[in-house]
Structures are given as C-alpha cells and as structure tokens.
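Data block below; observations after.
The values are calculated or read from the model by the stated rules, or taken from the named source; none is laboratory data. A quick note: this is a predicted structure, and the numbers were derived from the prediction, not measured. Please note: Cβ atoms are built from the backbone with ideal geometry, for glycine as well, and neighbour counts cover all protein chains shown.
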Amino acid sequence: MGKGKNKTHEPKNERQQRGANGHSARQNHKHMEMKYDKSEKMKFPVKLAMWDFDHCDPKRCSGKKLERLGLIKSLRVGQKFQGVVVSPNGQGVVCPNDLEIVEQHGASVVECSWARLEEVPFNKIGGKYERLLPYLVAANQVNYGRPWRLNCVEALAACFAIVGKMDWASELLSHFSWGLGFLDLNKELLEIYQRCTDADSVKKAEKEWLEKLEMETQERKSHTKKTDIWMMGNINRRGNGVQSDELESGEDSEQSGLENSEQPIEYDALGNAIHVDSVKSRIMLSGVSEDEESDFEENEKPVNYDSLGNLI
Ligand SMILES: C[S@@+](CC[C@H](N)C(=O)[O-])C[C@H]1O[C@@H](n2cnc3c(N)ncnc32)[C@H](O)[C@@H]1O
C-alpha cells in the first residue's frame, strides 16, 4: 500500500491517520519537520516541497528519493506554497525574474503520474506563483528524450537553472546517476532561457527554439527522402534515362513516382523496386528482359519484400 500523503483513493480517516512513511499524522508531522530541519542542516539553501499523490513506484520516484534524502518537505492537500510552484497547472512559465521568489520562498512540485493528472485537485494545492516550464527535454530513465515531461527533480532543477541558480540545480541532480545529464542535454536551451527576463521573453525564446527544431526536422526529412532512394535499389536500371543526380535534385523522381503510384510496390531480391501488378512492369523496372524474367520465374521462386524491406 502506498504511503503518499495525498493518496487519492484512500478513505479520509485513513488518510488523516497515516501519511508519508506510514506513520500517524502526528508522528509524521514531527517526522517531516525533523526531516525538513535536517534538510536545512543538509544545507539545501531554500525550501523544497511537493504534494505527493502516491501515484508512482516509490523506487523510481524522484520526489520520494528527495524526501528520503531529507531534501524536500511533503505538503498536504489544502496547504498552499509561497514560493514558485512548478506545476502542470501553471499559467505563465518560469523565468529569470522569478529569482527573488525562489530565493525567498523556494520551489515546489506536484508528485503525481502524468497519466492521472485529472485526479489531482489542483484547486486545493498550488500557490500564487504557479508556473509551467518552457520546452526542455527529460533525461530521466523513464521519459528520456521526451520534451516537457520532466520528473520532479528535473522540474525543480530546471526552475533553479532558469533563474540562474545552476549550483542548486546541480546539487539536486547530483543525487541521481543520470541527473547531471539533464543539464548537459538542455545546456544550450537553458543558457538561452537564462538570458531572458520575464515570462514573455522565455515564451518567445521557446517559440524560436521550436521553430528552429521544426526546420531541422523538415530538412532531415527531405534529406532522408533523398537518401531513402538507396533503399530502393538500382533505380537507374529502369532504362528511362533518369539519372541519380536528377533524382537527388527532386525533379521527376522515381521515388515520388513510386510513392504516389496507386500500384503496390515490391522489392526484388536485390532490393530493386518493382510494381507487382504486371510482370511486364517488373521487367521494365528491374531492367531485365522478358526472357530472362520467365527464366527466373521457372527456375527460382520470386522473392518479394514489403515496403519495409521484410521478406514476404
Ligand atoms: C507529473 S510528476 C511525475 C513525477 C515522477 N514520477 C518522478 O519520479 O519524479 C512531475 C512533476 O514535475 C513538475 N513538472 C515536470 N515537467 C513540468 C512542466 N513541463 N511544466 C510544469 N511542471 C512540470 C510538475 O510538478 C509535475 O507534476
């Protein structure tokens, strides 16, 4: 049974009796205070807090690990937080101008599952400074490479990094084997956000970054399209005089001809693209004579490939 303070499906009296770590509410309160005092002694410079809905596997949960380390304080539903609340329910984005709030009151997160956000009573948690994070990419083992979906420690670290507290970000992440990879992965982007001021400027920087990404993706796609032609075998053998450099330039490409064709495409044993509806077209495309083709059919079973190159 989960131990999170804000477990959603537990009867109310049970929730009141037992909180994080399975202690009674009173014991737990003392325990958490002790932990929190301890975390201050552990020298984390500002308050860290989370509402824990106990949705996640405790072994994989970064919030719970911070709690075990005594670095973060658990909050109850109904409690608000004075510092920056990094939350999927945020309105604006974290920006360098949030530095003062962070320095004075710290930062918090909502420890819950991305898949169960609708179960979180956002109206009963949060605070005055609820913030989204701008585009950043997760480096944690569960969501590696996924944009926006950071885990709790990444979200706190991102908040600190954006307001210019890289040392705090590194300190938190250093407790996770993959942690500092988050800062490496997002280095360039974090530096861009750090040079911003208010939320609007961060949003603008994010937009420009996303546009750049989109352009790069399009370029990669068109490059891939051009190079995919190699997967189609020796297209020059179809005998209509179209040469590879013409195809590369995108003019009258056989690739697009085949892709746009309604006819099914097969690949011969050498990977040459062939239309399957007529033996004639197969001969023409592969550049083999009719005689040779019939010979081939008699002596060997034809080998066909689907569009992914699988043998069929
Ligand atoms: C949904 S929980 C998932 C926690 C995960 N199970 C873990 O091990 O840490 C992650 C929390 O980090 C914060 N967070 C992560 N990415 C965010 C983003 N792009 N915008 C706002 N908050 C974010 C939110 O508080 C969010 O609820």
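Pull up segment 163-203, narrow it to residues that are among the charged types (D, E, K, R) and closer than 20 Å to residue 109 by Cα, then point me to the one that is farthest from the ligand (Cβ to nearest atom). Only one residue fits best here, namely 167. Whether a residue is under 18 Å from the mean Cα position of the chain (by Cα), within 14 Å of residue 46 (Cβ to Cβ) and assigned by TED's automatic domain parsing to the domain that holds residue 204 was assessed, and residue 86 passes this test. Among the residues in segment 138-149, are any more than 17 Å from the chain's Cα centre (by Cα), surrounded by fewer than 14 Cβ atoms within 10 Å (Cβ to Cβ) and either in the same structural domain as residue 61 (by TED's automatic domain parsing) or modelled with pLDDT under 95 (or both)? No, because not a single residue in segment 138-149 is more than 17 Å from the chain's Cα centre (by Cα), surrounded by fewer than 14 Cβ atoms within 10 Å (Cβ to Cβ) and either in the same structural domain as residue 61 (by TED's automatic domain parsing) or modelled with pLDDT under 95 (or both). Filter segment 121-149 down to the residues that are closer than 12 Å to residue 85 by Cβ and part of a loop (DSSP other than H, G, I, E, B), then identify the one that is nearest to the ligand (Cβ to nearest atom). That would be 133. Does segment 150-162 hold any residues that are farther than 20 Å from residue 64 by Cα and near the ligand (Cβ under 10 Å from one of its atoms), and which are they? Across segment 150-162, there are no qualifying residues. Among the residues of segment 99-110, those identified as crowded, with 22+ Cβ neighbours inside 10 Å and either within 8 Å of the ligand (Cβ to nearest atom) or farther than 21 Å from residue 179 by Cβ (or both) are 108, 109, 110.
Residue 96 meets the conditions (1) touching a Ser or Thr at 6+ places or on another chain (Cβ under 9 Å); (2) within 12 Å of the ligand (Cβ to nearest atom); (3) closer than 17 Å to residue 199 by Cα in every case but one. The failed one is (2). Contact map, segment 151-163: residues that are farther than 15 Å from residue 93 by Cβ and without any contact (Cβ under 8 Å) to a residue 60 or more places away in the chain paired with residues that are more than 10 Å from the ligand (Cβ to nearest atom) and part of a helix (DSSP H, G or I), Cβ distance under 6 Å, separation 6+ or inter-chain. Pairs shown: 157/169; 157/172; 157/173. So, in segment 70-103, of the ones that are in contact (Cβ under 8 Å) with a residue 40 or more places away in the chain and in a helix (DSSP H, G or I), which residue ends up farthest from residue 168 (Cα to Cα)? Out of the qualifying residues, it is 97.
Looking across segment 42-53 at every residue that is assigned to a loop (DSSP other than H, G, I, E, B) and at pLDDT 95 or above, the one that is nearest to the ligand (Cβ to nearest atom) is identified as 53. The set of residues in segment 194-217 being among the β-branched types (Val, Ile, Thr) and not in a helix (DSSP H, G or I) consists of 197 alone. Yes or no: residue 113 in contact (Cβ under 8 Å) with a residue 24 or more places away in the chain, surrounded by fewer than 15 Cβ atoms within 10 Å (Cβ to Cβ), within 17 Å of the chain's Cα centre (by Cα) and within 13 Å of the ligand (Cβ to nearest atom)? The answer is yes for residue 113.
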